[in-house]
Amino acid sequence: MIIPLALVLASILQTGSQTGNPIIEIQSDLSVLDHPQSIRAYQAAGTLLDAFGPPVSSDLSFGKASGKKPVLWVFPADFNGDGADEIAQVFLKSLKKGTLQDLQLNLYLPPPVWDSNTQKVASTKKLSLGSPLGEGRVILVGAINPDGEGRDDAFVIREWADGTQSIELRKLPKKKKKKMKAPYASDATFGLVVGANNIAACGADVDGDGDQEIVCLRRASGQPDQLLVFEPPTELDGETGPAVRSDLDVDPLDGGANLTMQRIDRTGDGFDELIFIRSWGAQTGLRAQIVAAPLTVGGELGAVEFTEPNLIVPADGHDVAAVFGLAGYSAVPPRPPADLSGTWEADFSHLANGSPESLPTMTGLNALMAGADTFSILFPAFNPTNGTYSMESASIDFGATFHKIDSIATGATYLLQLGVATVSFVENELIVTGTYAGNKDPNFGPDQTITGGSFVWRRTSS
């Protein structure tokens, strides 16, 4: 069973001082011809929140999910052994005027900054991976590191005319347009369960020993989905043997359905969890859920550790196909564009002599990046604000300058000293958040001390 690609996710999640895998979202717009795809990378969350954080980098033109080169699978793979995953993409290409269907694999670096192109670093040569048609057709491709050392390898699961399935391990290409080498390990009887299909599979280190196992999500008509963990074969015509861990009923509660499964190290502790895309129908939509693998044969998946409840629903013209963690990746904080002119809004809230107060929303114009690292913005009734921007930390240091606001609404003059602000990008728009302190000079009465000040600047048009 081949699941056409539409959306891939991976996440950065933190617990305490441990840092887990980062998040990549690959989204396909099914309403557009040839289904253009986009990648969005997500920043770390400081706690286990039931939602992904804002995106910090992207590639808005990553592949297509239909047309001449439909994408079938996307998964993480460390092809060069540096400890950082690349993004592997397997797509279908028609050769010889459509008479031959050939699978090809590309490996990309994740996008470094917002709206940047992923860099292809390796790829297969044609007619070296296989075809999704005919005898020995390829039904799943993924990455696995069976010995915990060096580069990841590829596993390829095939289906034969009698309905049985086999698995083979092969080396990933090291450079562009390289022919994949012949299998170095295989099991001809893998998936010999009559009437069952492997609908998803991944390499994952579920026991924390440094070696990845093969985790399969299997489905048989009229039966609940099963999750099986196997030791990979170590030689040609070898054996995976019986499952070393399993859960024979992994159907979600309340009538949900499993769409995909992949790996993610949620906390960075060396134990891979499993992340599912699950559906509860058009009304509820799609969710990403992270659970631990079963501990024993005939065991159970762990309790849901994390839920992202706001995935795109297929009814809105998008689809979901996979979710995975991406190890060793951190996006470079983007530099604000030189032209920041347009309409900005500023919101301020603070304590004046211990009482909460919010200044009226103000609009501003003429923001810019002056030179390489100076940020400037002008608000009416607010002195120009200038600060030094750091791309390493995506922050603006406004120094010790006081800024004056004359507020007609509150009948007072404010002197505010801004601190260090954080810069973030959401849907390619710049948002600046920070803190301040100072004093308030009312028209009547003594000055008041301002504490706990926080502001948000957001460009509303460009």
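What follows draws every value from the coordinates through simple rules; no lab data is involved. All of these numbers come straight from a predicted model, not from anything done at the bench. Note that each Cβ is placed from the backbone with ideal geometry, even for glycine, and that neighbours are counted across all protein chains shown.
Structure above, values below:
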quantity: Whichever lysines have a C-alpha closer than 25 Å to that of residue 440, once near sequence neighbours (fewer than 8 apart) are set aside; calculated: 404
quantity: Fewest-first ranking of 358, 57, using other Cβ atoms within 10 Å as the exposure measure; calculated: 358, 57
quantity: Sequence ranges 239-245, 418-424, 275-281, ranked by mean other-Cβ count within 10 angstrom, highest first; calculated: 275-281, 418-424, 239-245
quantity: Cross-link partners of residue 69 among aspartates and glutamates (Cα-Cα below 14 Å; sequence separation of 8 or more within a chain); calculated: 34, 102
quantity: Neighbour net charge for residue 225 - beta-carbon separation under 12 angstrom, K R +1, D E -1; calculated: 0
quantity: Least to most buried among 94, 116 (fewest other Cβ within 10 Å first); calculated: 94, 116
quantity: Summed residue charge, Cβ within 11 Å of residue 150's Cβ, Lys/Arg positive, Asp/Glu negative; calculated: -4
quantity: Under 5 Å, built H, 5+ apart or other chain: amide partners of residue 185; calculated: 169
quantity: For segment 373-386, 3J(HN,Hα) per residue [Karplus equation, 6.51 cos²θ - 1.76 cosθ + 1.60, θ = phi - 60°, Hz, x = Gly/Pro]; calculated: 9, 10, 9, 9, 8, 10, 10, x, 6, 8, 3, x, 9, 10
quantity: Residue order, fewest to most surrounding Cβ atoms within 10 angstrom, among 429, 149, 159, 273; calculated: 149, 429, 159, 273
quantity: Amide H contacts under 5 Å for residue 137, placed H, 5+ residues apart; calculated: 159
quantity: Karplus (6.51, -1.76, 1.60) ³J(HN,Hα), θ = phi - 60°, over segment 254-266, in Hz, Gly and Pro reported as x; calculated: 6, x, x, 10, 7, 9, 8, 8, 8, 9, 7, 8, 4
quantity: Residues whose placed amide H lies under 5 Å from that of residue 453, excluding near-sequence neighbours; calculated: 351, 436
quantity: Sequence-separation-based contact order of segment 339-461, relative, with Cα cut under 8 Å and 6+ spacing, percent; calculated: 26
